[in-house]
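Here's the structure, in structure tokens; my notes come after.
Readers should treat all values here as calculations from the given coordinates under stated rules, not as data from a laboratory. None of these values were measured; they are calculated from a predicted model. Virtual Cβ from ideal backbone geometry, glycine too; neighbours counted across all protein chains shown.
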Ligand code: SF4
């Protein structure tokens, strides 16, 4: 572990994602994080530890990778706000998370936004919402908003609702998965007051569906707040149909609707996590033969040039081979064409 801490400090000094993982999360692993087995790139073999422990592979920049792979800066009318899709406004409420997922697409941005959104920034968000009636939904994201206290979070929700009474709130958090004890009675009774609301969490492996997680999901659903899940397709963690089938069936049984399976974004330092798109398409095809409609998420990729979310396989036009690799041509709903690499 001391090597991980040294590496974490090196990452932080470079402005990259530091290390943080709750004891709860580390205890989900089948191996002791202090002396776990690793592959030739230094990435832990255990799917829980691979998401949490830094590895030297993160220091490698692959072609087409970007520190801002979704082009959020281009869609930011104000710091902390992203307005890419007309009906939805995303707020990056904080850059802090209980678990810093090594594959995070915002991994290069979070260290510069550690603090919770300031009063002035909230005021700017309120004004923005008042001036943009086309926005029907606010995504309160981060980082993980549940790193803030319930009181602080409630103030943010109250001000968003003051600016636009009744606006739909989507709370994007991994805390029910990474730190379920954060979902306590106080939080639940606060959230109940801010319906309509939906929680969208991230779950990547069946091991994440612990008894404590299931208990907390039952409480969230019991409070009348629907829950959906997003999953990132991750090499060596969940890139096989058996693992994903078990994950999506488990989520669905718990009352969590599998929402998206994401192809890996081209975030700097994450090439070792990405699964070739050809393989992702084959896995997804296999899942379609095994899962019901309720258990099946949509497979999607964010276009690497900021053109937004593209559904798979629907958007695939062709694969242009260039030696061992090449690129996929994908068509967006507006007809424009975009490239996504086929990586080895
Ligand atoms: S919890 Fe979410 S925002 Fe935080 S590191 Fe993980 S994926 Fe990124």
According to a simple spin-label model (label point 7 Å from Cα along Cα-to-Cβ), what is the distance in nm between residue 115 and residue 192?
-> 3.5 nm
Can you give the calculated 222 nm mean residue ellipticity of the chain, where each DSSP H run of n ≥ 4 adds -39,500 (n - 2.57) and the sum is split over every residue, rounded to the nearest 500 deg cm²/dmol?
-> -9000 deg cm²/dmol
Computed over the Cα atoms of the range 62-316, what is the ratio Rg over Rh, Rh following Kirkwood?
-> 0.95
Would you mind telling me which residue in 324, 202, 263 has the biggest mean-square fluctuation in a Gaussian network model of the chain, where springs connect alpha carbons within a distance under 10 angstrom?
-> 324
Zone residues, the range 157-194, relative to residue 126, backbone N less than 13 Å from point 7 Å out along Cα-to-Cβ | 157-165
Ranked output for segments 233-240, 326-333 by mean other Cβ atoms within 10 Å, highest leading, reads 233-240, 326-333
Under a point spin-label approximation (7 Å from Cα along Cα-to-Cβ), what is the residue 332-residue 12 distance to one decimal in nm?
-> 3.8 nm
Sequence-separation-based contact order of the range 236-344, relative, with Cα cut under 8 Å and 6+ spacing, percent = 23 percent
Value of relative contact order over the range 53-173, rounded to a whole percent, pairs C-alpha under 8 Å and six or more apart = 27 percent
Most fluctuating residue of 265, 39, 302 in a GNM of the chain with Cα springs under 10 Å: which is it?
-> 39
Rel. contact order, % - alpha carbon contacts under 8 angstrom, at least six apart, the range 62-316 | 18 percent
In whole Å, how far is the Cα centre of the range 194-214 from that of the range 1-80?
-> 21 Å
FRET E, pair residue 210, residue 321, Förster distance 35 Å, beta-carbon r, rounded to 0.05 | 0.25
Want the number for residue 136 to residue 74: 0.36 nm per residue separation, take away the alpha-carbon distance, what's left?
-> 20.2 nm
Segment residue 296-residue 158, length gained on full extension (0.36 nm per residue, minus Cα span) | 46.2 nm
Stretch gain in nm, segment residue 67-residue 246, where the contour uses 0.36 nm per residue and the Cα spacing is subtracted = 61.2 nm
Of all DSSP beta bridges in the chain, antiparallel share, percent nearest 5 | 40 percent
Please grab the % of Cα pairs in the range 80-206 that end up more than 21 Å from each other.
-> 36 percent
